[in-house]
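**Q** Have a look at the structure that comes next, please.
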Amino acid sequence: MTGIEALDSGKVDTNKIVSVFHDNFTKFVEKEPKILADAINNMRIFLSTETPVWEKPPEYDKLNKEIFHGTPKEILYQFEAKNKHIFDENSYVIDMAMGVIPRVKMHMWKQLKLHKQSQPVDLPMPISNEPPPQHKFLKSVTDKFRLEKPMNPIEDEIDIQIRNWMEWADDVAERYGYFKHWYYKSVYYGEGKITFSNIYPRNHMEILRNELSAFFDYYIVKRFMEIFHYAMDLELRNITDDARAFTDAVARQQKEHEMNPPMS
């Protein structure tokens with residue numbers, strides 16, 4: 001006999017089980033959402049930070065005559081190799097958080113199976129139909145990765161909703177990969193390694209930076225957070241169900257103890 005059922009035989013340390021519930025609750029309700037929220041906020045600040053116009057500003061004499069033309073700042077703050085670690089650290093947290101996507105998809109597959117068996121299903125709110133922002137600078141790159149969707153069999157409304165959610169989740173993870181690719185292809189390592197920052201002038205890189213920021217806000221801040229919150233809700237429900245089963249088992253054990261007190 002193992003698990004919560006073993007409570008009925010008095011062989012389980014209930015304090016340890018309570019500790020596990022508490023730790024899981026803290027992890028999924030407090031720690032992980034805060035860590036992800038901090039990483040997303042840090043990434044948004046990083047992408048929105050303005051780069052000074054001048055590496056070294058012009059200098060003027062006492063008569064306000066320019067004696068030094070100044071050195072323009074050509075490489076954006078975001079794409080300087082010395083600042084890449086800020087992107088790396090926060091992107092890693094988001095990558096780890098995206099581990100919820102397979103769990104959400106598995107839940108969706110289970111709901112699809114239940115639906116095929118004419119049983120009630122548990123689904124999140126329908127996905128947003130709001131179109132993503134259009135980025136001319138990135139459009140050609142996106143087109144290279146566009147895949148033709150296969151023909152789908154006849155589906156009802158629930159089938160379509162489940163399939164759309166799974167495709168939506170996959171799309172977020174895939175496009176986040178493109179987002180990282182565009183960023184890393186833009187980091188300036190010097191003249192010895194060709195990246196976008198070597199090829200394009202500053203005004204073009206400003207456009208790219210702005211589009212990366214808009215892309216991040218749409219696919220991560222908006223879309224992925226809907227998936228993440230739903231995944232956390234599923235985890236919380238699992239913890240609640242286990243806690244309820246634990247409480248019932250403890251109640252059974254207490255009742256049996258009262259009905260059959262130990263011999264003095």
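The values are calculated or read from the model by the stated rules, or taken from the named source; none is laboratory data. What you see is a predicted model, and the numbers here were worked out from it, not measured in a lab. Glycine gets a Cβ as well: all are built from the backbone with ideal geometry, and neighbour counts include every protein chain shown.
**Q** Being surrounded by 10 or more Cβ atoms within 10 Å (Cβ to Cβ), modelled with pLDDT of 80 or more and of a type outside the set (Ser, Thr, Tyr): is that true of residue 68 here?
**A** Criteria not met by residue 68.
**Q** If a residue has to be within 30 Å of residue 32 (Cβ to Cβ) and in contact with a strand residue (DSSP E or B) (Cβ under 8 Å, 6 or more places away or on another chain) to count, how many in segment 47-78 make the cut?
**A** Adding up the residues that qualify gives 0.
**Q** Cβ-Cβ under 8 Å, sequence separation 6+ or interchain: first residue in segment 174-196 and without any contact (Cβ under 8 Å) to a residue 60 or more places away in the chain and within 13 Å of residue 75 (Cα to Cα), partner among the polar types (S, T, N, Q) and surrounded by fewer than 18 Cβ atoms within 10 Å (Cβ to Cβ). Which pairs?
**A** 191/198
**Q** For segment 89-109, give me each residue that is closer than 25 Å to residue 76 by Cα and either within 13 Å of the chain's Cα centre (by Cα) or surrounded by fewer than 13 Cβ atoms within 10 Å (Cβ to Cβ) (or both).
**A** Of everything in segment 89-109, those that are closer than 25 Å to residue 76 by Cα and either within 13 Å of the chain's Cα centre (by Cα) or surrounded by fewer than 13 Cβ atoms within 10 Å (Cβ to Cβ) (or both) turn out to be 90, 91, 92, 93, 94, 95.
**Q** Within segment 58-67, identify whether any single residue is of a type in the set (Ser, Thr, Tyr) and under 19 Å from residue 201 (Cβ atoms), and answer yes or no.
**A** no
**Q** Out of all the residues in segment 195-205, is one or more in contact with a strand residue (DSSP E or B) (Cβ under 6 Å, 6 or more places away or on another chain), buried (at least 19 other Cβ atoms within 10 Å of the Cβ) and outside any loop (DSSP other than H, G, I, E, B)?
**A** yes
**Q** For segment 181-195, check the following and say yes or no: at least one residue is of a type outside the set (Lys, Arg), out of contact with any Phe, Trp or Tyr (no Cβ under 6 Å at 6 or more places or on another chain) and modelled with pLDDT under 75.
**A** no
**Q** Please enumerate the residues belonging to segment 49-80 that are under 39 Å from the mean Cα position of the chain (by Cα) and hydroxyl-bearing (Ser, Thr, Tyr).
**A** 49, 51, 77
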